[in-house]
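Data block below; observations after.
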Amino acid sequence: MDHAAVSPSRSHSSHDRRAHWLIALGALGVAGVLAYGAASIPSDAGYAGVGPNFLPWVVAAVLAVCGVWLLWEAATGGFRQLEEPSGAERGDWPAFAWVSAGVLANATLITTAGFVLSCALCFALAVRGLRLSEGKPAGGVRQTVMDAITGMLISAPVYWLFTKLLAINLPGLTGTGWI
């Protein structure tokens, strides 16, 4: 590949480079906020010596590494391998709406319908949106029921692992601790 043909000054405007810097700084800012939040969580060792602040620290560290990498990319000319957008590409708003509806339904219903059922609904709606984004048919009632069952088969073991093995309370629908 001829590097002169893909020089940063020719392939990306100063606006694009500024956007690269803003994205990198934004990632570092979010990592900082996560680290600040993780510092406020007590570090009392839990299961296997891992405290409740372990995962937030891991996420903050990984996001900080990504932010530093993005800074390096921005400083060395941005994302050189990316092709210029054609301008005809637009977001897939119906697919975005289905996925967003799934996430919002999960957040709204998790305390009333329980973890398993709200996550199954989120899965079914998100899968419908992802199918639409690929240009595939969304599926009828039968497909939606199969997606919901698949969502339950995924979320039920997660619920059980969190509540029984890790002793982390998740909202349940029944008092038995299974759903």
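Any residue at all in the stretch 117-129 that's exposed (fewer than 14 other Cβ atoms within 10 Å of the Cβ) and either of a type outside the set (Gly, Ala, Ser) or more than 30 Å from residue 51 (Cα to Cα) (or both)?
Looking for residues that are exposed (fewer than 14 other Cβ atoms within 10 Å of the Cβ) and either of a type outside the set (Gly, Ala, Ser) or more than 30 Å from residue 51 (Cα to Cα) (or both), one finds none in the stretch 117-129, hence no.
Is there a residue being among the β-branched types (Val, Ile, Thr), under 23 Å from the mean Cα position of the chain (by Cα) and modelled with pLDDT of 85 or more anywhere in the stretch 160-173?
no
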- Note on the structure: Flagged in the stretch 154-168 as closer than 14 Å to residue 110 by Cα and either assigned by TED's automatic domain parsing to the domain that holds residue 54 or of a type in the set (Gly, Ala, Ser) (or both), in numbering order, are 155, 156
- Residue under evaluation residue 80, criteria (1) in a helix (DSSP H, G or I); (2) at pLDDT below 80, criterion not met: (1)
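Give the residue that is modelled with the highest pLDDT, with candidates limited to residues of the stretch 99-115 that are surrounded by 21 or more Cβ atoms within 10 Å (Cβ to Cβ) and either more than 19 Å from residue 162 (Cα to Cα) or in contact with a Gly (Cβ under 8 Å, 6 or more places away or on another chain) (or both).
Restricting to residues being surrounded by 21 or more Cβ atoms within 10 Å (Cβ to Cβ) and either more than 19 Å from residue 162 (Cα to Cα) or in contact with a Gly (Cβ under 8 Å, 6 or more places away or on another chain) (or both), the top hit is 102.
The values are calculated or read from the model by the stated rules, or taken from the named source; none is laboratory data. In this text the structure is predicted, and so the values were computed from the model without any measurement. Note that we place each Cβ from the backbone using ideal geometry, even for glycine, and neighbour counts take in every protein chain shown.
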